[in-house]
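The values are calculated or read from the model by the stated rules, or taken from the named source; none is laboratory data. These figures come from a predicted structure and were not determined experimentally. Don't worry about glycine lacking a Cβ; one is built from the backbone with ideal geometry, like all the others, and counts go over all protein chains shown. Ligands, DNA and RNA are stripped out before the accessible areas are found, and what is left, the full protein with its side chains, is counted by its heavy atoms. Shrake-Rupley method; radii C 1.70, N 1.55, O 1.52, S 1.80 Å.
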Amino acid sequence: HLRALVEDVLSVYSRKLRAQNIVVETRFNFLRNIRARPGEIIQIFSNLVSNAIHAMPHGGTLTISTTQDLNSDPIGIQICVSDTGHGIRREDLGKIFEPFFTTKGNLGTGIGLWVAKQLVERHGGKISVSTSTEPGNSGTTLAIHLPFSGSETKTKKANGSESRMESQ
């Protein structure tokens, strides 16, 4: 299950999180089976947690939350990974999902977010980012949408209303 996978990732990084004075908050508000390979989900969250740690060298808060996402097609779960780090500069934002783009100098390979995006999309999902570099209000949130296992898809009726259809 997703919760166990995320907790495994946090366990791997626990020493580094404590050493950098990063508080971890998790809110698993909605859990349901998703279509995913566990190893790939671990890779996605390892990349996101590692980036968040790098963005908060002097401490901060890492928040991971889940909510049901009924507004996407197909419906699924939204997982948000948020940090209170320095944020992503506007000139870098359009490049973060490109292979080999890094702001970490020799410390980064530049493939973490690129791999994460590829894996999310392979599972029929989407990944998006919002960020702020404003002092006192800086940070980044990566939102991942993954479809539920046997996910429903929305269908528009001629009168504009929506219905849902279960797929296997």
Next item on the list: Could you tell me which residue of the range 14-65 is most open to solvent (accessible area, probe 1.4 Å), considering only residues that are among the hydroxyl-bearing types (Ser, Thr, Tyr) and either in a strand (DSSP E or B) or touching a helix residue (DSSP H, G or I) at 6+ places or on another chain (Cβ under 7 Å) (or both)?
Entry: Thr26
Margin query: Regarding the range 38-51, can at least one residue be identified that is more than 17 Å from the chain's Cα centre (by Cα) and of a type outside the set (A, V, I, L, M)?
Written below: no
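Among the residues of the range 93-103, are any at positive phi and either open to solvent by 40 Å² or more (accessible area, probe 1.4 Å) or out of contact with any Asp or Glu (no Cβ under 8 Å at 6 or more places or on another chain) (or both)?
First pass over the range 93-103, keeping only residues at positive phi: 100.
Still in the running and either open to solvent by 40 Å² or more (accessible area, probe 1.4 Å) or out of contact with any Asp or Glu (no Cβ under 8 Å at 6 or more places or on another chain) (or both): 100.
Yes, the conditions are met somewhere in the range 93-103.
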Notebook entry, point to check: So which pairs qualify, if the first residue must be in the range 80-96 and among the basic types (Lys, Arg), the second must be open to solvent by 60 Å² or more (accessible area, probe 1.4 Å), the Cβ gap must be under 7 Å, and the two must be at least 6 apart or on different chains?
Noted result: Arg89/Thr133
Checklist line | Single condition Ser11 does not satisfy, out of (1) without any contact (Cβ under 8 Å) to a residue 40 or more places away in the chain; (2) surrounded by 16 or more Cβ atoms within 10 Å (Cβ to Cβ); (3) over 16 Å from the mean Cα position of the chain (by Cα) | finding: (2)
